[in-house]
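Only one structure is covered here, and it is reproduced in the block below.
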There are 4 protein chains.
Amino acid sequence: MDIQETSQGIYRQIAEFGIEQVLSGVWAGGERIPSVRQLAAEVGVNPNTVMHAYDYLKSLEIIETQRGKGFFVTEAGRNAAVQLRRQTFLEEELPRLRKNLELLEIDAKELHELLFPPSITNQL
Amino acid sequence: MDIQETSQGIYRQIAEFGIEQVLSGVWAGGERIPSVRQLAAEVGVNPNTVMHAYDYLKSLEIIETQRGKGFFVTEAGRNAAVQLRRQTFLEEELPRLRKNLELLEIDAKELHELLFPPSITNQL
Amino acid sequence: MDIQETSQGIYRQIAEFGIEQVLSGVWAGGERIPSVRQLAAEVGVNPNTVMHAYDYLKSLEIIETQRGKGFFVTEAGRNAAVQLRRQTFLEEELPRLRKNLELLEIDAKELHELLFPPSITNQL
Amino acid sequence: MDIQETSQGIYRQIAEFGIEQVLSGVWAGGERIPSVRQLAAEVGVNPNTVMHAYDYLKSLEIIETQRGKGFFVTEAGRNAAVQLRRQTFLEEELPRLRKNLELLEIDAKELHELLFPPSITNQL
DNA sequence: GTGGTCTAGACCACC
DNA sequence: GTGGTCTAGACCACA
């Protein structure tokens, strides 16, 4: 077995948060996102840390910068975010899911019922 | 957003490993499992850390100790392991999976194809 | 006319230096490059600044990292560096050159002679 | 490697702009050039900065002042500008160009094609 | 020893 | 106000 430090790092968590904001459309293409200082204050971390996260998202071309004005989601930002997230989904989440299904002896049918329960609320 | 320390204590990772050994049947009910020192040597950690993990598994009644003889999987061990893993599966993995499916716009059909690809190997 | 701050930033200068080392083959593919602290001491800047530069080169996939061991030039590093440098050459140096040739009334023949002078040393 | 402050003083950029105006003939010998205040307003800088630039051009004998009338390009102004620009071209641009050609492995023939592309527009 | 992250605080340019 | 860079120093994990 592999023992590894799984700590994610604050700036990485902030970046993931940003990616999800873009994926969910809360931060839409072309729109301005919270300023470095603002988000830093909200989250309670050093502005440099948020800057690191934004820098990372900028290198992924999900956001871009306009000097003196702020950070903005790129037009192709959502697309880039989907590509990125989909890849980690295929490489990490899917194998882990397969393993759990096998260990817990959950088949396709049961998984489907767990994911999309025919709940009472849906019948209203 | 929440910033959280995601570092998984090493002992916890070892415990998860043990649970998976039980689930997969490698460590069967009533059987003796590797000694603390043995597993510590294999994994490359301090014996105290493995002891901590075994303590944890013992508190979950998945393994038990027999003075002077070692640690053994309890008769009801696999059952307990399944309950535990199933719970964390429902509470953690499933919600995360739902969220990703929604964000990545993957529907039930596509998920099924990703999980059970109609590959050549399956046709053997 | 445009007035702009042309200051290049230390980390960017260090990154450019690194790119030239890779282009010239001083830092060859697969080889280890100076450690962050080492280069920082040589250049006389804060290690964080060198880290920033290396981080930038890493995002360009010119170098890669091996935890606890150091930074290494990627196998495709030189190629990536050439692509990058060639682009800025075409977009920045070439237009400036054209402008100067026009203003100074230097034609293709004269430029060729300036670039590749039939010097005495070459005749030895 | 050397770390250097590459920031080009604004007055220097304005002076370069003036030199190019003279070289291109927009500001011809003997003619009056824009007043300090006028150019300052156009460019959006402090009049003192433009004054600094004009002072610099005067010391190069490219322009001269006529009390109460304004600044004028000297008769030998274009010549002086050519000398100056040619010198910096030989001392700065040419070496940098040689270095890039070598690093990017661009030979004389390829450079010629990049500088004078046989485009459709040239055939008109 | 190596990379890597985070904080605190300073200073700059752009708007 | 905004982004952006740099320093100083601390602490961690990996080898």
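At-a-glance table
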quantity	calculated
Stokes-Einstein D for the stretch A:26-124, Kirkwood Rh over Cα pairs, 10 °C, 1.306 mPa s (µm²/s)	95
Net length gained if the chain between D:Gln4 and D:Leu115 were fully extended (0.36 nm per residue, minus Cα distance)	36.9 nm
Residues C:Glu91 and D:Glu31, FRET efficiency given R0 of 35 Å [Cβ-Cβ distance, rounded to 0.05]	0.55
Residues of type aspartates and glutamates that D:Lys109 reaches as a straight line, Cα spacing below 15 Å, ignoring anything fewer than 8 places off in the same chain	C:Asp107, C:Glu110, C:Glu113
Most fluctuating residue given options C:Glu61, C:Glu93, C:Glu16, as computed from a GNM of chain C linking Cα atoms under 10 Å	C:Glu93
Helical contribution to [θ] at 222 nm, DSSP H n ≥ 4, -39,500 (n - 2.57), averaged over chain B, rounded to 500	-16000 deg cm²/dmol
Pairwise FRET efficiency - C:Glu75 versus C:Glu105, Cβ, R0 = 41 Å, nearest 0.05	0.35
Charge dipole (debye, nearest 20) of the stretch D:8-124; +1 at Cβ of Lys and Arg, -1 at Cβ of Asp and Glu	520
Relative contact order (%) - criterion: Cα under 8 Å, at least six apart; region: chain C	22
Backbone N within the stretch B:24-41 under 15 Å of label point (7 Å from B:Glu64 Cα along the Cβ vector)	B:29-33
5 angstrom amide H check on C:Leu104, placed H, neighbours 5+ away	none
Range in chain B, longest, excluding exposed trypsin sites (Lys or Arg not before Pro) [loop by DSSP; at most 13 other beta-carbon atoms within 10 Å]	B:1-66
In Å, descending, principal axis extents of the Cα set of the protein assembly as shown	105, 70, 48
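No lab work stands behind these numbers, since they all come straight from the coordinates. Small disclaimer: the values here were computed from a predicted structure and weren't measured. When we count neighbours, we look across all protein chains shown, and the Cβ atoms used for this are built from the backbone with ideal geometry, even at glycine.
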